[in-house]
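Structure first, then comments.
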Amino acid sequence: MQPTPEVTSDDGWNGTRIVTVSNQKGGVGKTTTTVNLAAAMALSGLQVLVIDMDPQGNASTALSIPHTSGTAGIYDVLIDGLPMAEVIQSCPQVPNLVCAPATIDLAGAEIELVPLVARENRLRRALAVYLKDHPVDLVIIDCPPSLGLLTVNALVAARELLIPIQCEYYALEGLSQLLKNVELVQAHLNAELRVSTILLTMFDARTRLSADVAAQVRDYFGDQVLQSAIPRSVRISEAPSHGETVMTYDPGSTGALSYAEAAAEMRRQKESA
C-alpha cells in the first residue's frame, strides 16, 4: 500500500456515518447484517445508502435491486470512473433506502484494480463526490469474504468497521489478519478508521456453546460488542428469496426485532460518540 493523504472533511463526508461490514470468514452474516441494519435505520427515518462490494450481489438481491450483467453498478464506478449517482437505485420496499448494486462483472475487479492509479482510494473518492450533492445519514458497505482490493477500498472509504461474529466454534479464527489489515489501512490510507461495532450473529440461547462464544467475544472486544445478539432465524433466511429484508418480510419476528434493537443501539452509540 502506498501512503496517500488522510481523509479530511473536504472529502465530502460531513456528518455522514460510513460503516463497512467485513469479516473474511464466510457465512457469518455480513450481507444479512448489512441489509437488515440498513432497512432498520431507514425505517427509523434515516437516509441510508447500501454499497454492495460483493460480486455475489446478495445485498442487491435482498433489496430487490436489479443487478444482472450489463446493469450499471459499483464495478463501473471503481473501474470506469462512472459517477456513483448514475448507478444508485431505490429499494422498492423501504423508503429512504438506496443501493449501489454489485454485478458479476465485479468478480474481475480485483485484478483490474491492480494497475490503476490510487487503486485503494477509488471508492472513497467516488463516494465523496456523491455525498457532496446527496444528503445521506448512513452509508453501509457490504464486503466479500476476502481481504483483497475490494475490501481494502471499503475500509479506506469508511470511518467505522462493523465485524459480525457468529456464535460457533472458531468464531475468532482469522480475525487477527483482518485487524492487522485495519492497522495497515489506518497507518497508510485512512487514519479515521476504527473498529466501532461487533455484532454477535446466529446466537442460540438454548446452547452452552453460544453463551461461551458470546462471553469470549465480549471479553476480547469489551464495549465494542453490542448487547443485542442476532438469533438463528428461519425468517431471516427466507426473506432474501422474496427480495426483501426480514424488516419488511416479517417485522414481528424475533430476527427483525433483534436487528431493530441492534440498529437502535448503533444510533445511541453514534449519539454518545
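Read the figures in this text as sums done on the coordinates, not as results from a lab. Not measured: the values here are computed from a predicted model. FYI the Cβ positions are ideal-geometry reconstructions off the backbone, even for glycines, and counts take in every protein chain you see.
Remarks
- Inter-centroid distance (Cα atoms) of region 118-147 relative to region 211-273, Å: 23
- Set of region 166-210 residues, backbone N closer than 11 Å to the point 7 Å along the Cα-Cβ line of residue 265: 197-201
- Radius 12 Å from Cβ of residue 25, net charge of other residues (Lys, Arg +1; Asp, Glu -1): -1
- Burial order of peptide ranges 16-28, 171-183, 32-44 (average beta-carbon count within 10 Å, highest first): 32-44, 16-28, 171-183
- Net charge of neighbours whose Cβ lies under 12 Å from the Cβ of residue 145, counting Lys and Arg as +1 and Asp and Glu as -1: 0
- Distance between modelled label sites at residue 132 and residue 192, nm, 7 Å Cα→Cβ extension: 1.5
- Relative contact order for the chain, counting Cα pairs under 8 Å that sit 6 or more residues apart, in percent: 25
- If the chain linking residue 79 and residue 179 were pulled fully straight, counting 0.36 nm for each residue of separation and taking away their Cα-Cα distance, it would gain 33.3 nm.
- Compactness check for the chain: Cα Rg over 2.2 N^0.38 Å is 0.93.
- Ranked by the mean number of other Cβ atoms within 10 Å of their residues, highest first, the peptides 53-61, 245-253, 260-268 come out as 53-61, 245-253, 260-268.
- Counting only DSSP beta bridges whose two residues both lie in the chain, roughly 5 percent are antiparallel.
- Region 168-196-region 48-92 distance, computed between alpha-carbon centres (Å): 25
- Top positive-direction residue, dipole computed over the chain with Cβ charges, set 148, 35, 229: 229
- CD proxy at 222 nm, helix term only [per DSSP H run n ≥ 4: -39500 (n - 2.57); per residue of the chain; nearest 500]: -11500 deg cm²/dmol
- Residues of region 241-273 with amide N under 18 Å of a point placed 7 Å along Cα→Cβ from residue 207: 255
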